[in-house]
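In what follows, a single structure is set out as structure tokens and then discussed.
Every number here is computed from the coordinates shown, using simple stated rules; none is lab data. Just so we're clear, the structure is a prediction, and the values are computed from it rather than from any experiment. All Cβ positions, even for glycine, are placed from backbone atoms using ideal geometry, and neighbour counts span all protein chains on display.
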Amino acid sequence: MVLLHTVALLGVPMCVCVCVCVCLESNTLPVLILCFFCVHVCVCMQMASLEISHVKRITHGQKTATFALPTGKKKSRGAEFEDRSFSVVTGSRSLDLVAPSSIVAQVWVRAIELLHHRHHDADDNPFEVYVRGQWNKADIDRSGTLHRDEVQSVLKNMNLHCTKHWFRQKFAHFDTDQNKMMDEIEFSHFVRSLFSERPEVERLMKIVQHEFLNCDARATVQTHNSATASSLGGLNHGRNSRKGILQSLFNRGAEGLSAGLDRLGRSRESSHVIRRITTEEFVYFWNTFQKATFDKEMNAEDAKKMFAQLAGDEKDSLDVMEFALHLDSRENRVFDPQRSLPGCGSDSLSQYMGRPLNHYWINSSHNTYLTGDQWQSHSSAQQYSFVLQRGARCVEIDCWDGDDRQHPVVTHGHTMCSKIKFRDVMQEIQDHAFSPPANNPYPVIISIEMHCSALYQAKMALIVTQVCGDSLYLYDPDRPFPSPEDLKYKILLKGDRSHAHEKADKFVEGDEDDEDEFVDLNESLSKSKPAALETAATCRSNTSSKSISPVASAQIVTSFSGKNKSISPVSPSRDASSSKKEKDTAKSKNKSKPEKVIEEWSALIGLPANHQKNVPQDQIMSGMSGPACKMQSYAEAKALKMLESNRQQVVDFNTFLLSRIYPFGGRVDSSNMNPIPYWSGGCQAVCCNFQTGDVGMSLNHGKFRENNRMGYVLKHPSQRHSGVSSSSCLLRVRVLSCQRLPPKTHYKSADILDAYVRLELHGTGNDSMEVRTKTIKDNGFNPSFGHEGDGEVFEFEVQDRESAMLRIVVMDDDTGKDAQIGQNSLTLTCIREGYRHVSLFDQDDNLIKQAGCLCKFEFEYLRQQDA
């Protein structure tokens, strides 16, 4: 049964490949028998499958949270099962298996690893990959042919609705030998015809050719006319006029496009349908329509190399499908490729990472150990490797006394969340902080929330010393902020220090604004400020979250987002006086002073918690960096209140120290806040619940795609220095089409998608807006928006371009609640102008292969804002 579940996970094509890999890797008869058995199961059974592209890693042994759960009568834990166990980890989930023997487990782990590496190393033609994938799914019996019903199933899997008459005509046309079957070559030609049905691409090709002929583009390609180049440079730097030559080349509205096509239709030379674009026309398109400051000037030789990749051989022109493949390619993605490189395209990575630590936004995790909600979910040490490999560089550990007087534990205090050992957490961090697949050398900050007695603090100090060793960074009160480059391969413990250590520091005033671990949920929900609740509501998940609501008869919230089981209300089992007594006791516990920090633990702190209520204004204005690097924590509501009252003061404060923002205590569903207001105020570590794939987490993923996902992004000068202004702009987006959306069977039901695109502007102040296209019925394969491919145009006036983000979401217009199909969050400073491909990601930030949107982006820079 274990193997059957594995087959169900891997899917038919992948499982066959696994069996082949197993045969190649082993000469034993039992393994070969196992392989043939698996192939038979794959052929005879259609089971749920999982894309190999979604597999993050394969672990050998019992290292996931599932193995830590109670298993009832069927025990599968212990030393005798450790070598037989393995897990296939995908995003925030894992499939945990126990093989019949350790040899079989090793073979499966090795085979899946080979497939995983082979998949990521593959560089095949995207059309061929798509056709091969659809063929393998449809040819279940491996006969080498598809009959009519199987081809119809392919169309449904491709999210394309067709009439019976249309299908009969298409099938007869491509069934060249008239045997009422399609072989793989015929099927490839059939799918190619579907790829070529792109009215928006045909329209664009006509416009390019028309402009190429009318603007003497041949001379432009050969001599790179300086006047045109100067105009283009002005466009990219925001100095372009809305009139002149670029009005016809780039800033075309719907009227301009229609007029151009009307002139084209009246032309005798262009009255026929244009199906191919030449090398010269392609160079012209690249150097004018797609021109950006970081793109090198294309020449004919570059175009020929690209043509060879797209067309498969030496050709001097591209047809509609081949040109569409270029538009949908990684090379044409909207995200600035320079910004995704290590160092964001600067002269060197070490130079980019050489500034003081408080000059960076830091990818940060809240309650990292939790796998689900904040009330009764399971804790797992593996969550730390999960978030570290997704780019987090600041994680959190809540430490408590163990029940056995031996092991400090990590858990969410005063809840029903499970407990894990502190040693296991530290070992997981040490093993995965800098190692593959993340391969990230830059420092990891561990925010320690200390609830342990002196006895357990001493045990924690010993564990940290044994596990981390020389990788632990120790605090130096005389040293200003080090840079991430200075701290490579270092772990920094953030937390309180002992009174003796703090006494030596300057400006010790008041108490740190620590995060409260116990929350009276009904009270916090009823008394929470509107701003915090509004933030909670706006960042709710589009697909699975439910609203937080207080329950009169229960002391917990009755619903939460994510993939875990729902929480049931707790009925009162005692009288009112007893409940009140428990409530008062809990409050007194919550308000009690934290345990005194002992010297042994305090000496290990590398990033002390700040104890300053206010930073002296004269030090901020004089540019001093302070006595040493420290971090102060704020709850989201308090931080938002400070930003609303005096944003510039918060920006100035964050040039002096590090600030960490953690979610509102009433977010029992582990939902996320909108991080943008805090980033705009220069707050470095805005903590997210990585286990919840909602809007806030999507924005966080989009923000930290910069700098090769290393978890450190250099803040804009307006957030690093006082007196530096931010810019405003007009962003114009033309939504043209979507391509190859995943089938609806992954979501609610098996009918064809009714697709539309939603654009969300997230920012500060008035930089908030949401618009959507019209719905295209029964087409998730190639829905085209507007009239005959001209698209739908939306404009966004943005006051703070450096802080704003654009979230593009593809939705299924369904009865009841619409389902999210895919999304992408983009920082405005990372958007490339021109006709660009927008990749789509699922809720776990996995790339949805082949899927995307085609949009045209253009900026008009308005003015600089006063600081």
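Just to verify a number: FRET efficiency for R647 and T163, C-beta to C-beta distance, R0 = 56 Å, to 0.05? List each step's numbers first, then the result.
Working: r = 57 Å, r/R0 = 1.03.
Plugging the Cβ-Cβ distance into 1/(1 + (r/R0)^6) gives 0.45.
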For segment 651-656, in residue order, the Karplus 3J(HN,Hα) values (coefficients 6.51, -1.76, 1.60; θ = phi - 60°; whole Hz; Gly and Pro = x) are 4, 4, 4, 6, 7, 9
Cβ-Cβ cut-off under 11 Å around R275, Lys and Arg +1, Asp and Glu -1: the net charge is -1
R275-E770 FRET efficiency (beta carbon distance; Förster radius 30 Å; 0.05 resolution): 0.20
Two decimals is fine: what is log10 I(q)/I(0) at q = 0.12, 0.18, 0.21, 0.23 Å⁻¹ for segment 762-850, from a Debye sum with one equal scatterer on every Cα and no solvent? -0.45, -1.03, -1.33, -1.45
Quick check on packing: order 767-779, 656-668, 102-114, 360-372 by the mean number of other C-beta atoms within 10 Å, highest mean leading. 360-372, 656-668, 102-114, 767-779
Considering the alpha-carbon set of segment 107-206 alone, what are its Rg and its Dmax in angstrom? 16.4, 55
FRET efficiency for K638 and E82, using Cβ-Cβ distance with R0 set to 51 Å, rounded to 0.05: 0.65
Using only the Cα atoms of segment 436-484, what are the Rg and Dmax in Å? 13.8, 37
Once the piece of chain linking A603 and E113 is laid out straight, how much longer is it, given 0.36 nm per residue of separation minus the C-alpha distance between them? 172.2 nm
Name the long-range amide H neighbours of Y360: under 5 Å, sequence gap of 5 or more, or other chain; modelled H, no Pro or chain starts. K715
Compactness check, segment 797-839: C-alpha Rg relative to the 2.2 N^0.38 Å globular estimate gives 1.45
Between S85 and residues 5 or more places away or on another chain, the pairs with built amide H atoms under 5 Å apart involve G61, A99
Could you tell me which of the pairs K206/K856; K817/K849; K291/K849; K494/K630; K164/K849 are separated by over 20 angstrom between their Cα atoms in the structure shown? K817/K849; K291/K849; K164/K849
Which residues qualify? For Q632, with a placed amide H closer than 5 Å and at least 5 residues away or on another chain, they are N610, L658, S659, R660
